[in-house]
Amino acid sequence: MSAANVTIRDALYEAPGPKTKKRIRFFTVVSLVVLAALIFLIIRQFYVTGQLDAKYWSLFTRLTTWKFLAGGLAGTLKVALVSSVVSFAIAFLMMVGRISKNKIVSWISTALIELSRGIPTLLFIYFFFLVAPQLGLKLPTFWKITLPVALSAAGVVAEVLRSGVNAVPKGQTEAAVALGMRDATVFTKIVFPQAFRYVIPSLISELVIVLKDTTFAYVVSYADLMQNARVLISNYDALLSVYLVTALIYILINYLLNKASVAVARHRSAVPGATK
Amino acid sequence: MAQEQNKTERSEQTPVIELRHVDKHYGSLHVLKDVNLSVQKGEVVVIIGPSGSGKSTLCRTINRMETIDAGEILIDGEHLPEEGKKLAQLRSEVGMVFQSFNLFAHKTILDNVTIGPREVLHTPKKEAQEEALRLLKRVGVDTQAHKVPAQLSGGQQQRVAIARTLAMHPKAILFDEPTSALDPEMIGEVLDVITELAKEGMTMVIVTHEMNFARRVADRIIFVDHGVILEENTPEAFFTQPKTQRARDFLNTLKGRDK
Ligand SMILES: Nc1ncnc2c1ncn2[C@@H]1O[C@H](COP(=O)(O)OP(=O)(O)O)[C@@H](O)[C@H]1O
Ligand SMILES: [Mg+2]
């Protein structure tokens, strides 16, 4: 998404003139001052309420704490990775179904996509956690979080893929058809590879959402970063410090994902022919 | 020109392309009205007519890129089916070159030329590549083989598109205004390639606004207006003494524009 924003911003606004530059500088200074003041107030409040006491922070001097968090992070990444792959596979099928010439298949796929997009992740989790076992479907804890996260993302991913497919110029299909390619070949060899390139930045943005959704793992007691953070909190009675560190780790990962997305977008527009 | 004496002999052969009583509508617009056309092996037919007269539609119905409402289309005597494997196969036998080149943007020039034979004719990779390089050399872009389309000029792209079509060993090639999207300095290089093909006896249907080229390359000129074939003539006759007033008017507007 951020990559798209860059181009939209470039298209909408001209380069700032001297007056605008001056105004931008003024507001930059003002916002920095406000931000500094806010941070100061927060830290002061922490200090006053004793949250900065060593007892809340000393756990971070221990290697075991970090190992424990790293274990949680590994769990988070595993869920995120497998969810993404599963989600992509389901999304691909739903998208192909939706653009199918078969009306019924298309209608069913559209309905599934809307369901996936409309149902909150937590409801999917409750289904696999609470309802499915009663129906005799007993899944390992890992899948109780991974499947719901995947299903919840699949609808959006399907629509992202479809937007990519729609963006491929009609002439590409026509040229392929004129060579005598069958529909399936045209799609797999010509249309989809180009569509996929168009939507890589959007797909990476979706990864951020998947990553955030994995924090629901605590609901099913799967040892992800969030769940392990909660264990630390109750063991050390250190709410704020642990949450702060955990939040920083999440921010860092998502920041890196965003960077990757922008880099991919740049790379695409730098290689002529990759876009268009 | 052995053309004249061949004429009787040719008409006994099965035409490579034949349209019988073809009708097509876009909603209420009657774009093609009872179109009859047959193109013999080795013949170059040039379609001329004002913008919006249905030239592209006519060209595109030949390999069913556009459906028709009535009539028949035959390729080498075989009825063109409406869909399926047989249609794909017949399409592979009729090449098509588009105004906007339509090279596959994500593939190298070499892969653009090999993908048809590889995917449709199941030619072995090595063989397909050797032939592709030979064809690229023939159209003068072999040095660009490993670039992607956007790195090439329009003229180069269109020559690659022709090579891509030739790689399928088509029985005929359809050109829909192959030079209309090109900068003037690149038109010549593309027309030269097409002229070469004509000399080698390739069967072609060409929609173009390049009148000198049409006169040079055509065995027959078809003048289309409002979806009707108004006139079929030899280039000599068509350009010197067109039979219809419409054709005369059309040629006059072109002359006026050239000055
Ligand atoms: N897909 C379409 N839907 C509706 N009308 C179309 C479509 N394609 C072409 N037309 C119309 O059909 C007529 C013939 O178009 P075309 O064959 O492209 O003409 P030409 O190539 O001679 O300029 C035009 O009036 C055009 O607007
Ligand atoms: Mg046209």
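Being away from every other protein chain (no Cβ under 14 Å), small (Gly, Ala, Ser) and assigned to a helix (DSSP H, G or I) holds for only one residue in A:Gly164, A:Gly171, A:Gly155, A:Gly136, and it is A:Gly155. Hey, among the residues in segment A:96-107 that are within 17 Å of A:Leu161 (Cβ to Cβ) and among the β-branched types (Val, Ile, Thr), which one's nearest to the chain's Cα centre (by Cα)? Once the filter is applied, the top-ranked residue is A:Val96. Do we find that B:Met202 is closer than 26 Å to B:Leu37 by Cα, touching a residue at least 40 places away in the same chain (Cβ under 8 Å), open to solvent by 20 Å² or more (accessible area, probe 1.4 Å) and within 16 Å of ligand 1 (Cβ to nearest atom) in this structure? Here the answer is no, as B:Met202 does not meet what is asked. Residues of segment B:28-76 that are within 14 Å of another protein chain (Cβ to nearest Cβ), within 13 Å of ligand 1 (Cβ to nearest atom) and either free of Cβ contacts under 8 Å to residues at least 12 places away in the same chain or within 17 Å of the chain's Cα centre (by Cα) (or both): B:Ser56, B:Thr57, B:Cys59, B:Arg60, B:Thr61, B:Ile62, B:Met65, B:Glu66. Take the residues in segment B:163-178 that are outside any helix (DSSP H, G or I) and away from chain A (no Cβ under 11 Å), then tell me which one is nearest to ligand 2 (Cβ to nearest atom). Applying the filter and picking the extreme gives B:Glu177.
The values are calculated or read from the model by the stated rules, or taken from the named source; none is laboratory data. Please read these numbers as outputs of a predicted model, since none were measured by experiment. Positions of Cβ are generated from backbone atoms using ideal geometry, with glycine treated the same way; all protein chains shown enter the neighbour counts. Protein only, heavy atoms only, side chains kept; ligands, DNA and RNA dropped before computing areas. Shrake-Rupley method; radii C 1.70, N 1.55, O 1.52, S 1.80 Å.
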